[in-house]
1. Would you work out the relative contact order for the stretch 254-324, in percent, from Cα pairs under 8 angstrom that are 6 or more residues apart?
2. On a straight-distance basis, which aspartates and glutamates could pair with Lys123 in a cross-link, Cα separation under 15 angstrom, same-chain partners fewer than 8 positions away excluded?
3. Cα centroid distance between the stretch 104-147 and the stretch 239-306, in Å?
4. For Arg208 and Lys246 in one chain, what is 0.36 nm times their gap in residues minus the Cα-Cα distance, to one decimal in nm?
5. What are the principal axis extents of the Cα atoms in the stretch 126-180, in Å, biggest first?
6. Based only on Cα atoms, what mean projected area does the convex hull of the stretch 203-262 have, in nm²?
7. Considering only protein heavy atoms, what per residue accessible area in square angstrom results for the chain with a 1.4 angstrom probe?
8. Can you give me the Kirkwood hydrodynamic radius for the stretch 38-102, using every pair of distinct Cα atoms, in Å to one decimal?
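The values are calculated or read from the model by the stated rules, or taken from the named source; none is laboratory data. The structure presented is a predicted model; accordingly, all values stated were derived computationally and were not measured. Every residue, glycine as well, gets a Cβ built from its backbone with ideal geometry; the counts of neighbours run over all protein chains shown. All accessible areas refer to the heavy atoms of the entire protein, side chains included, with ligands and DNA or RNA removed. Shrake-Rupley method; radii C 1.70, N 1.55, O 1.52, S 1.80 Å.
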Amino acid sequence: MRLTRRELVSGLALGALGGTVGRAGAEPVAAAKQAMRAAALPILVSAHNGYAFLEDAFHDLAHGADTLDAALKVVRGAEDDPNDDSVGLGGLPNEEGVVELDASCMHGPTRGAGAVGGVRNIKNVSLLAREVMLHTGHVMLVGEGAERFAVARGFTREDLLTDASRKVWLLWKESHADWWGPGLTAPNWRDRLEHKLKADIGVAEVERLEVLAEDLGIPPAARVGAVRRVIFPPTGTIHCSALSTKGEMSGCTTTSGLAWKLPGRLGDSPVIGAGCFTDQEVGSAGATGSGEENLKVLGAHTIVENMRRGMTPLDAGMDALQRIVRNYSGDRERLRYLDMTYYILRKDGAYAGVSLWTGYTPERPHAIAVHDGTLRLEKTVSLFEGSSQAWPPVVAKSRNGL
Ligand code: GLY
């Protein structure tokens, strides 16, 4: 199958960059901005790729399960799924083709926290984060030490790189793009985008990748997604926050992190206060998206503290997004190359999902998955209209006129 330019731009055959799990058969409904509150407790709020796992977790929570156990059941489902390439088994690897996973969790009732970063060969790092919380005097373990701790606690080492993820990594290697060089905050930030612009201006580059994808044996239905993952390295992740009928709260976040990252790179997900933060007195929040940006505003902590000072979940999340915008002096030319979604749950059952942009593509709006007795996907409320990973405006002037 040759991809048409329009298919590639729209991602029609793609599915979400963070994985397609959980969206089948469920289209997100518009969030009712004034009424984002649980119909009844308990409630679970997660990233869209938790959708398929919320029913079981809600059943547990409704029957008295611990809030962290219920939240972990959701994210563990995604970790176990080889077809979700944003977390756990089958996660997209680092630049050397090695899957490195990050996770964190907070347990409201005990005020415990655990986190792991840069973990290789262990699939369920969300559960490993809980082990750190329960069975060490520490909060965070990284790298080889975290892996050895996992084995000591009974986790099994396994190869996390699936054939599908390996082929997309091989395609990325052919693209000659990498994470070395300037970041978006550097004066010469445009050099960062050389590959994106090359692909944009030259349809030939996109077609070159498409042919390579075919040569690598990437199935036709997966080629659009593979090429997009090469040009727009995803940061897919899953977060889940839970609130019980007793008013207990917990949260957890797990990820394979930024695709094609430098070995050892940690994003926001394992950092308590950035990718995940829960305060039993106030609420719980988590993040998916550009980890580097979220680290600079400690989004989850910022949001919970905003709610402590009386903001609604929606306003608290929008304020955190505005802090990211301020880091770029509102420069949308650069902001369009990053994205962020926050999942927010207040102790009284009010909740919100907010994002910087409407979606990665026009057809795939960012969404949160919610279960309060009714399972649903809701579109996030976005700060900016438009897609973060749409091709730059020059595409409109490309020779194909698309
Ligand atoms: N938000 C996931 C990451 O950037 O690693």
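1. Relative contact order for the stretch 254-324 comes out at 26 percent.
2. Correct list for Lys123: Glu79, Asp80, Asp81, Asp84, Asp85, Glu100, Asp102, Glu131, Glu144, Glu147, Glu158, Asp159.
3. 14 Å
4. Computed gain between Arg208 and Lys246 is 8.0 nm.
5. For the stretch 126-180, the Cα spread along each principal axis is 44, 25, 16 Å.
6. For the stretch 203-262, the mean projected area of the Cα convex hull comes to 6.5 nm².
7. Here the residues of the chain average 37 Å² of exposed surface.
8. Every distinct Cα pair counted, the radius reaches 12.8 Å.
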